[in-house]
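Below is one structure, written out as structure tokens; the observations come after it.
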Amino acid sequence: MNFLVAPLTIASIAGGFAALISIVDKHVNDYGDVTININSDKKNLDVRGGDSLLTTLSSEGIFIPSACGGRGSCGACKCKIVTDVGPHLPTEVPYLTKEEMGDNIRLACQIKVKKDLELQIPDELFNVKQFIGRVEKIVDLTHDIKEVLIDIGEETIDFDAGAYVQLVVPPYGKIKDINQRAYSMSSRPSDKSHIEMLIRLVPGGIATTWVHTLLKEGDKVDVIGPFGDFRKSETNSAMICVAGGSGMAPFKSILYDMFEKNDTQREVWYFFGARTEKDLFYLQELRDLQEKWSNFHFVPALSEPDTTGKWQGETGLITDVLDRYLKEVIGDKEREGYLCGSPGMINACNNVFTENGMDLDKIYYDSFA
Amino acid sequence: MAPDIHPFTLLLASIFTSNILLANFLGMCSFISISKDMTSSNGLGMAVTGVLTITGMINWVVLKYVLVPLDLLYLRFIVFIVVIAATVQVLEMVIDRISPTLYMALGIFLPLITVNCAILGVSLFMEIRNYTFIQTTFFSLGSGLGWWMAIMALSAIQKKIANAPVPAGLKGPGITLITIGFMAMAFIGFSGMLIVQ
């Protein structure tokens, strides 16, 4: 039995220390009950201390946007903490500007709730909820874009057209973590019991691969939202909207919302860029909308139409088409730019807009990729 | 038999004449990488001193009352490492609670020194040299202080070097290693005063 002495000794020493660590952890990391005061007494939460601020808030039903789910890799969960919680951590610094640091902006996922806190978040976030929905319908719009319609049952969602939600992706296959990804809602604000998203398959993308290969009609999905301040402005300037691929989503919502609300006095131009015929979708719907709404102009453009000559619309890169229309058709008037697409496209369009004399602060887009 | 050395002599000896860094060259990796910045050096020195003293004492107890009676001396490496890792973990939690400021100052260094070879080295020296508990305590504390002093000295020298015309090929670790070499030679000067094994 002598051979047992060594392993047992090691095991008991390691076990003893493990027990010590968990006992210390239990006592030392017990911060008791703390109060979180949000937006100067607008809401007071009594919670247990010890967790990160992000998870503490979400367990109380307040969802600060976070694309990475609290791992400190996206920098989205910024909030202003009025209480002094010590200097900025090295994990926060890369995501904050000097002004933000001076203004006590912190990353909620890196701050541990240890004492009573006072913080400030945008009021809209009170409206953010976690919805447990069911996939009602998945439609293949093109070879790589799916329209996903989620029924949120009894719950209702209130949002301005153009807002986005975070889709919660459960662990699957080799992906061991829960992930969250942001998608613009393409559903209309008037339909409060559904959330619709357009999801394009990104090769290697965690969420898009899941949606395209595993998600089925009838599945349960979690969605958190609404977030974002991408919405139409309250002016009378002409709206110049540019989108490509699944960037269609917010404009589908905004355009139908305006039409439904009879907000049709404003001049709206919608440029939609695609590569070939098979990348186009909603063509008929938008042309029908154009018929009924005289101030709305839909301009689809293909950069590589097939050689049969059937394509009657614009050809060329969307930026070239946009440039030509800005100079020759739309002309010089009060204009606002609205963009949704890849960072590269947003950059290129920003350049076209500014070259045509538009101010950068009159150009709106969500800066998530 | 424990060597007949006064604990205070041992303390001075481990700081100066047999400095863990400059005489035994232990704990070099963090020494070289952290010494660029004085504030960090100070934090790391403090952490090393604290952990060294505490783990030295615990390891002595484990050695004398568990490993030697059970004739398991060959397990000392793994047991010492377990003790060091657990101590660092507990220390980190306690410091985080008691003094967030100190916790911030130490930052990532506290978990980092689990793998600092100076810490394990001191425990092994204590075993080879048969120190008593009091001697171990003073030796561990002295080694920690010696390490702290050495890294502060090096980072101060590095500050000077930053403004000196160092040949391109020697910039970074190259000139640092040469500097450490000179420092080690300077410390050998102390060795005539005390010889401790």
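When B:L52, B:L22, B:L12, B:L26 are checked against the criterion of being touching a helix residue (DSSP H, G or I) at 6+ places or on another chain (Cβ under 6 Å), in a helix (DSSP H, G or I) and among the aliphatic types (A, V, I, L, M), a single residue qualifies: B:L52. Residues in region A:169-190: is at least one surrounded by fewer than 17 Cβ atoms within 10 Å (Cβ to Cβ) and under 20 Å from A:I254 (Cα atoms)? Yes, that holds for at least one residue.
Which condition number in (1) among the small types (G, A, S); (2) closer than 27 Å to A:G228 by Cα; (3) surrounded by fewer than 17 Cβ atoms within 10 Å (Cβ to Cβ) is the one that A:G337 fails? Result: A:G337 fails condition (3) only. One residue stands out among those in region B:84-103 that are touching a helix residue (DSSP H, G or I) at 6+ places or on another chain (Cβ under 8 Å) and facing another protein chain (nearest Cβ under 7 Å): the one that is surrounded by the fewest Cβ atoms within 10 Å (Cβ to Cβ), which is B:V94. Residue count for region A:48-69, restricted to those that are buried (at least 16 other Cβ atoms within 10 Å of the Cβ) and assigned to a helix (DSSP H, G or I): 5. Just one of the numbered conditions (1) under 16 Å from the mean Cα position of the chain (by Cα); (2) of a type outside the set (A, V, I, L, M, F, W, C); (3) crowded, with 19+ Cβ neighbours inside 10 Å; (4) at pLDDT below 90 is not true of A:T208: (4).
Here B:F138 passes the criteria (1) buried (at least 16 other Cβ atoms within 10 Å of the Cβ); (2) free of Cβ contacts under 8 Å to residues at least 12 places away in the same chain; (3) more than 14 Å from chain A (Cβ to nearest Cβ) except the one numbered (2). Just wondering, is there one or more residues in region A:1-20 that are surrounded by fewer than 17 Cβ atoms within 10 Å (Cβ to Cβ), at pLDDT below 85 and at the interface with another protein chain (Cβ under 10 Å from one of its Cβ atoms)? Yes, there is a match, as at least one residue in region A:1-20 is surrounded by fewer than 17 Cβ atoms within 10 Å (Cβ to Cβ), at pLDDT below 85 and at the interface with another protein chain (Cβ under 10 Å from one of its Cβ atoms). The set of residues in region A:27-45 being over 18 Å from B:T87 (Cβ atoms) and either exposed (fewer than 15 other Cβ atoms within 10 Å of the Cβ) or at the interface with chain B (Cβ under 8 Å from one of its Cβ atoms) (or both) consists of A:D30, A:G32, A:D33, A:T35, A:S40, A:D41, A:K42, A:K43, A:N44. Does any residue of region A:260-277 turn out to be in contact (Cβ under 8 Å) with a residue 40 or more places away in the chain, under 22 Å from the mean Cα position of the chain (by Cα) and assigned to a loop (DSSP other than H, G, I, E, B)? Within region A:260-277 (the criterion being in contact (Cβ under 8 Å) with a residue 40 or more places away in the chain, under 22 Å from the mean Cα position of the chain (by Cα) and assigned to a loop (DSSP other than H, G, I, E, B)), the answer is no, since none of the residues qualifies.
Among the residues making up region A:321-346, those that are more than 28 Å from the chain's Cα centre (by Cα), at pLDDT 85 or above and not β-branched (V, I, T) are A:D323, A:R324, A:Y325, A:L326, A:K327, A:E328, A:E334.
So in region A:110-126, with the set limited to residues that are outside any loop (DSSP other than H, G, I, E, B) and not aromatic (F, W, Y), which one is surrounded by the fewest Cβ atoms within 10 Å (Cβ to Cβ)? Among those residues, the one meeting the criterion is A:D123.
One residue stands out among those in region B:66-79 that are at the interface with chain A (Cβ under 10 Å from one of its Cβ atoms) and in a helix (DSSP H, G or I): the one that is farthest from A:I13 (Cα to Cα), which is B:Y74.
Cβ-Cβ distances below 6 Å connect the following pairs, each with a first residue in region B:119-133 that is modelled with pLDDT of 90 or more, a second residue that is not in a helix (DSSP H, G or I), and a separation of six or more residues or different chains: B:G121/B:L26; B:N130/B:A2; B:T132/B:A2. For region B:104-130, residues that are at the interface with chain A (Cβ under 9 Å from one of its Cβ atoms) and assigned to a helix (DSSP H, G or I) total 1.
The values are calculated or read from the model by the stated rules, or taken from the named source; none is laboratory data. Please read these numbers as outputs of a predicted model, since none were measured by experiment. Here the Cβ is made from the backbone with ideal geometry for all residues, glycine too, and neighbour counts use every protein chain on show.
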